[in-house]
Amino acid sequence: MLVDLRILRFDPERDEKPHWDTYSVESGPMDRVLDLLHQVKWEEDGTLTFRRSCAHGVCGSDAMLINGRNRLACKVRVDQLGRRVSVAPLPGMRVIKDLVVDMEPFFDQYKSVKPFLVNEEPEPERERLQSPKERARYDDTTKCILCAACTTACPSFWAQPSFVGPAAIVNAHRFIFDSRDHASEERLEILADEDGVWRCRTIFNCTDACPRGIHITQAILEVSNAVVERRG
Amino acid sequence: MTVPERQVHEFPAVIVGAGGAGLWAALELAREGIDTAVLTKLYPTRSHTGAAQGGICAALGNHEEDHWEWHMFDTVKGGDYLVDQDAAEVLAREAIETVLELEHMGLPFNRTPDGKIDQRRFGGHTRNFGEAPVRRSCFAADRTGHMILQTLYQQCIKFGVRFFDEYHVVDLIIEGGETRGVVAYRIADGEMHVFRSPAVLLATGGFGRMFRITSNAHALTGDGPALAYRHGIPLEDMEFYQFHPTGIVGIGILLSEAARGEGGYLRNDAGERFMEKYAPKLMELGPRDVISRAMYLEVREGRGIGGGDYVHLDLTHLGRAVIEAKLPDITEFARVYQGIEPITQPVPVQPTAHYAMGGIPTDVMARVVIDEKNTALPGLYAAGECACVSVHGANRLGTNSLIDILVFGRRAGRDMARHVRRNGVPDVPADVAEPVRAELEALRTRPVGENPNHIRAELASVMMDECGVFRTGTSLVRAYNVVCDLKDRYRRAQVQDRGRVFNTDLLEARELGYLLDCAEATVMSAMARTESRGGHYREDYPQRDDTEWLQHSLAYRTEGRPEMRYKPVSITHFEPKPRTY
Ligand SMILES: Cc1cc2nc3c(=O)[nH]c(=O)nc-3n(C[C@H](O)[C@H](O)[C@H](O)COP(=O)(O)OP(=O)(O)OC[C@H]3O[C@@H](n4cnc5c(N)ncnc54)[C@H](O)[C@@H]3O)c2cc1C
Ligand code: FES
């Protein structure tokens, strides 16, 4: 099927401001948006710039705004979008070139919540024990691939870029509810800050955007409850 | 032209690549208080280690009796006796402490009812030297690699490792017979950076992108091996490339062997479990080379589904609960990329280019060795898929790569720590970045020429068709001629993007050059080896030949044909025997 592919382009070495370019491309039955982008880049216009690596939704490189929603280009089938496809960079981020945005602030927010296991007890000879139930408690939030689709879909983040954002809270959740971790207190303290969980307005955009199907709003609620309980 | 002062960095240790191998090495160095730079062309969490699904093996014995000796034996036999047994011993022994350490770092393994790390079966892993399958693969659902990558990156943040994200390493600095650093191209602005360092680890992953159908990420273009090759370092055992049996038809995305570990069947057009004929004992859990060949033979004899070039992976008898709990990701892949519902429908699969057994030769300390006598090149290390130590020999077992990248990434980090204590930051010539800068400039500004993407597509096709699961002398000669021709055309390739900011057009063309080098070494090594062993199957020489060929290939770059040399295999425990399953 012939598809009208509109792409928001911006080359800082040539353009004053972003502009739309339209390409007419032939899409195969199982083609994904990433396939169309490659077709344009490889056959028509080598200057088209985007990130990608795994091409099957596990590395988090190619989150972008596709027909008005944040998604991974490698995971959206064109036949599910129809004949008109529009692609723009993730909202609320500084654009470096075309679909490539500056990810540094996003990773800084991620790092700010201590996204690593803290357990200073001497390591046992064998594994630390954890029951299947304890393991299941934080299973959902271990799936995050840091693609930034959720954070950049969040109106609270657009309004206040210092908001730590859904992705960072998801990663804090992953440790706060891990029975082996000892730093929940510190993480909850960080998230009790004015740029922490309170900025969430339960709009659910993040949950809709997540390509991994993580119940993000639920995770944020669980963290908010933990913050409240701690204040007791 | 010299690189401005502010773009020259000094580090006691430099690591190229932030997959499992690079990150664990970085962590070892950071814990020793050594200031370490990790250079990576992708953000660390985008590395392809994150795509690994099935598991990581270690003889923990959490469900049933298991021993590292059994693991070692399976590895040696799985590799068709081309495995260096001293290295396999290190792997199998240290696997246990390595997996336990991962758990201590926070990796969320699935658990047994009594809270231990859960384990499942995987192809070629057996109890008591081949008796029956054993539960040795430790896993976190079917996203084990994702959890390994995340956990190691998290620990690197905790220990303050310095990351240079989206720095593309484009050259190694080797002067006076020792390692002095690397040259990198910063993707954001196209500036060259020089990293002076006495110790450099190459951990750049695989090069599956030289084949048309592959499970490998676009970024897996053999940068490390090609750069080493260009500096006169040989590439070892390049003819051994693994084709994984269960790739999604047409696009190669992997459906993990875990699907068969959990009990999935392979069926031909008649609905038969055809592995009965080829590996009666282990059936669908036989080694990958055996299964991929069986699939091709079924197809060739007209028993592909509907006479086509694929077979079925059947999970329907496992039931919704098992499929959704243990194989959620691959179930989703089938749904998204094929529109198939694996709970009720069989999934069409075909072999996909998956894993490089060969690569940069190293010893068991992960030091790069450059000749038949295993002479080390001081300060240069390699670990992970880009290296060949060789624990996988002619064919790798499932779950043995994740453990390989971690065991030897860890050893690399430890040995680098020793090395940098004895060696200061070396001098490098002021214009050291000039040759590679000039190459990149020529490529970026060439006014006319061929589209490099066409060269890449032709390379991938010829490698798949003539140097794939089955090979013959004639097919390899054809492949070699095409590769030479493509190399020639590559010298005249032209990129369209002339910019300096985030020029991926330029970098993809640069990466194509690396793939061509890796392909040249692969085809040449395959042409020379007139026997069949593991992943290298010559229809004109269908037998394994231990008298002539129980040795590792070393391909050296020359101006013309690569030069082939050979070195012996280390055999410490298990004498070669016929390999049946
Ligand atoms: C789909 C799939 C599933 C798999 N499943 C399993 C499994 O279940 N069990 C198992 O044991 N094995 C599995 N494997 C194999 C295993 O995952 C890989 O072999 C292993 O992860 C490779 O790790 P690595 O650290 O060597 O490289 P990678 O993780 O590939 O990392 C390479 C790194 O090098 C960097 N890099 C490359 N070139 C440059 C350059 N020029 N400059 C700067 N940086 C550079 C990249 O940015 C990246 O950070 C699987 C492989 C695939 C493809
Ligand atoms: S390319 Fe990896 S998630 Fe899309």
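The values are calculated or read from the model by the stated rules, or taken from the named source; none is laboratory data. Remember, it's a predicted structure, so these values are computed and weren't measured experimentally. Reconstructed Cβ throughout: ideal geometry from the backbone, glycine too, with neighbour counts over all protein chains shown.
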Checklist outcome for this item: Looking across the stretch B:350-382 at residues that are polar (S, T, N, Q) and in contact (Cβ under 8 Å) with a residue 40 or more places away in the chain, the single one that is nearest to B:G205 (Cα to Cα) is B:T362
Item to check | Cβ-Cβ under 7 Å pairs, at least 6 apart or on other chains, the stretch B:520-549 side on the phi < 0 side of the Ramachandran plot and surrounded by 23 or more Cβ atoms within 10 Å (Cβ to Cβ), far side modelled with pLDDT of 95 or more and of a type in the set (S, T, N, Q) | outcome: B:S525/B:S553; B:R529/B:S553; B:S532/B:Q543; B:G535/B:Q242; B:G535/B:N395
Next on the checklist: Is it the case, given these coordinates, that B:T221 is more than 30 Å from A:R174 (Cα to Cα), within 16 Å of ligand 2 (Cβ to nearest atom) and of a type in the set (S, T, Y)?
Outcome noted: yes
Checklist entry - Where residues in the stretch B:381-426 are under 13 Å from B:L23 (Cα atoms) and β-branched (V, I, T), which of them is farthest from ligand 2 (Cβ to nearest atom)? => result B:V407
Next on the checklist: With within 20 Å of B:H193 (Cβ to Cβ), surrounded by 19 or more Cβ atoms within 10 Å (Cβ to Cβ), within 16 Å of the chain's Cα centre (by Cα) and within 14 Å of another protein chain (Cβ to nearest Cβ) as the only criterion, which of B:G17, B:G54 stands out?
Outcome noted: B:G17
Item to check | Filter pass, A:M93 being at the interface with chain B (Cβ under 10 Å from one of its Cβ atoms) and either more than 16 Å from ligand 1 (Cβ to nearest atom) or within 29 Å of B:M105 (Cα to Cα) (or both) | outcome: no
Checklist outcome for this item: The one condition B:M72 fails out of (1) away from ligand 1 (no atom under 15 Å from the Cβ); (2) within 30 Å of A:G60 (Cβ to Cβ); (3) touching a helix residue (DSSP H, G or I) at 6+ places or on another chain (Cβ under 6 Å); (4) not in a loop (DSSP other than H, G, I, E, B) is (2)
Item to check | B:G499 vs. criteria part of a loop (DSSP other than H, G, I, E, B) and under 30 Å from B:Q551 (Cβ atoms) | outcome: no
Checklist outcome for this item: The residue that is farthest from B:W70 (Cα to Cα), considering only those in the stretch B:132-152 that are more than 8 Å from ligand 1 (Cβ to nearest atom) and at the interface with another protein chain (Cβ under 9 Å from one of its Cβ atoms), is B:Q150
Item to check | From the options B:R498, B:R557, residue that is more than 14 Å from chain A (Cβ to nearest Cβ), farther than 27 Å from B:K77 by Cβ and touching a Lys or Arg at 6+ places or on another chain (Cβ under 7 Å) | outcome: B:R557
Next on the checklist: Among the residues in the stretch A:125-134, are any in a loop (DSSP other than H, G, I, E, B), more than 30 Å from B:A58 (Cβ to Cβ) and within 12 Å of chain B (Cβ to nearest Cβ)?
Outcome noted: no
Checklist entry - more than 10 Å from every other protein chain (Cβ to nearest Cβ) and within 16 Å of B:N503 (Cα to Cα) - does that describe any residue in the stretch A:32-55? => result yes
Checklist entry - Which one of the conditions (1) among the hydrophobic types (A, V, I, L, M, F, W, C); (2) within 16 Å of ligand 1 (Cβ to nearest atom); (3) touching a residue at least 40 places away in the same chain (Cβ under 8 Å); (4) out of contact with any strand residue (DSSP E or B) (no Cβ under 7 Å at 6 or more places or on another chain) does A:C74 fail to meet, given that it meets all the rest? => result (4)
Item to check | Test result for B:W70, of a type outside the set (K, R) and crowded, with 24+ Cβ neighbours inside 10 Å | outcome: no
Checklist outcome for this item: Within the stretch B:57-70, the count of residues that are under 23 Å from B:G206 (Cβ atoms) and away from chain A (no Cβ under 14 Å) comes to 1
Checklist entry - Does A:L65 satisfy being over 30 Å from B:E94 (Cα atoms) and either free of Cβ contacts under 8 Å to residues at least 60 places away in the same chain or within 11 Å of chain B (Cβ to nearest Cβ) (or both)? => result yes
Checklist outcome for this item: Among residues of the stretch A:19-66 being part of a strand (DSSP E or B) and buried (at least 24 other Cβ atoms within 10 Å of the Cβ), the residue nearest to the chain's Cα centre (by Cα) is A:A63
Checklist outcome for this item: For the stretch B:1-57 the number of residues that are aromatic (F, W, Y), assigned to a loop (DSSP other than H, G, I, E, B) and away from ligand 2 (no atom under 16 Å from the Cβ) is 1
